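Chemist: Okay, here's the structure, questions in a sec.
The values are calculated or read from the model by the stated rules, or taken from the named source; none is laboratory data. Because the structure is predicted, anything quoted here is derived from the model rather than measured. Please note: Cβ atoms are built from the backbone with ideal geometry, for glycine as well, and neighbour counts cover all protein chains shown. Heads up: the accessible areas ignore ligands, DNA and RNA and are worked out on the full protein's heavy atoms, side chains in. Shrake-Rupley method; radii C 1.70, N 1.55, O 1.52, S 1.80 Å.
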Amino acid sequence: MLAKKVTDLTIVPMYPQYSGTTVGSVFDSVMNYFKGSDKIVTTRFIRSYYDHPDYIQYFAEKIKNFLKRHQVDAILFSYHGLPESYVQKGVTYPDECHITTQEIMTKVGPIQYFESFQSKFGPGKWLTPATDDLIKNLPQQNVKKLLVVAPGFIVDCLETLEELEQENKSYFLQAGGKAFYYLPPYNDDSTFAQLVQSLL
């Protein structure tokens, strides 16, 4: 881009909710690139868009369209987890996840829903409830048909396709669940390009 004489640059991380481990690391990488450079350009950095109307509307409409075709007992919102120690230092990530969930459900309407955090690894306490633990317990709470959505992801990856759609689906069915549905994020949907444009 510098070779093409770009003078204004907007960075849009692929993470709607802010965390220093994700968005922060992208910011650090960009700033480190320009550190000591004489080719600095005007740079704008999008911190987060967890409550952006277009982002909320996209997932709300996707869920409502799904519910027109399928009956479920509850919706589970699963976000990538973080160690609790990060939150104790003032990280706003879990709050932004909660706001995303609440804003989406305000548009979806009255149906039971849950929120959880996935992909824990290593020692130490992480944000709870853990997605796998919650999914194993939901059938005992009379949730036999479950819709899972992961609005913290812009595109599918191993954490959604393998961990959510395969591993956690098996947990749910083994625990007595009857139907498990996973609703994918944007992937190649052109509406994400429209969202990016609205962020500029």
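Chemist: Does ALA60 satisfy being open to solvent by less than 50 Å² (accessible area, probe 1.4 Å), more than 15 Å from the chain's Cα centre (by Cα) and within 25 Å of LEU127 (Cα to Cα)?
Modeler: Numbers: open to solvent by less than 50 Å² (accessible area, probe 1.4 Å): yes; more than 15 Å from the chain's Cα centre (by Cα): no; within 25 Å of LEU127 (Cα to Cα): yes.
Criteria not met by ALA60.
Chemist: Exactly one of these conditions fails for TYR15: (1) open to solvent by 70 Å² or more (accessible area, probe 1.4 Å); (2) modelled with pLDDT under 95. Give me its number.
Modeler: The single condition TYR15 does not satisfy is (2).
Chemist: Evaluate the range 42-54: report whether one residue or more is open to solvent by 90 Å² or more (accessible area, probe 1.4 Å) and assigned to a loop (DSSP other than H, G, I, E, B).
Modeler: Yes, there is a match, as at least one residue in the range 42-54 is open to solvent by 90 Å² or more (accessible area, probe 1.4 Å) and assigned to a loop (DSSP other than H, G, I, E, B).
Chemist: Can you tell me which residue among GLN166, GLN112, GLN141 is at pLDDT 95 or above, of a type in the set (S, T, N, Q) and in contact with a strand residue (DSSP E or B) (Cβ under 7 Å, 6 or more places away or on another chain)?
Modeler: Of GLN166, GLN112, GLN141, the one residue that is at pLDDT 95 or above, of a type in the set (S, T, N, Q) and in contact with a strand residue (DSSP E or B) (Cβ under 7 Å, 6 or more places away or on another chain) is GLN112.
Chemist: Let me ask something additional. Quick check on this structure: which one of ASP133, ASP156 is open to solvent by 30 Å² or more (accessible area, probe 1.4 Å) and part of a loop (DSSP other than H, G, I, E, B)?
Modeler: Just a single option satisfies the conditions, and that option is ASP156.
Chemist: Can you give me the number of residues within the range 183-200 that are open to solvent by less than 30 Å² (accessible area, probe 1.4 Å) and either assigned to a loop (DSSP other than H, G, I, E, B) or in contact with a Lys or Arg (Cβ under 7 Å, 6 or more places away or on another chain) (or both)?
Modeler: Of the residues in the range 183-200, 3 are open to solvent by less than 30 Å² (accessible area, probe 1.4 Å) and either assigned to a loop (DSSP other than H, G, I, E, B) or in contact with a Lys or Arg (Cβ under 7 Å, 6 or more places away or on another chain) (or both).
Chemist: Okay, next question. Restricting to the range 136-153, what's the tally of residues that are touching a residue at least 60 places away in the same chain (Cβ under 8 Å) and open to solvent by 20 Å² or more (accessible area, probe 1.4 Å)?
Modeler: The qualifying residues number 4.
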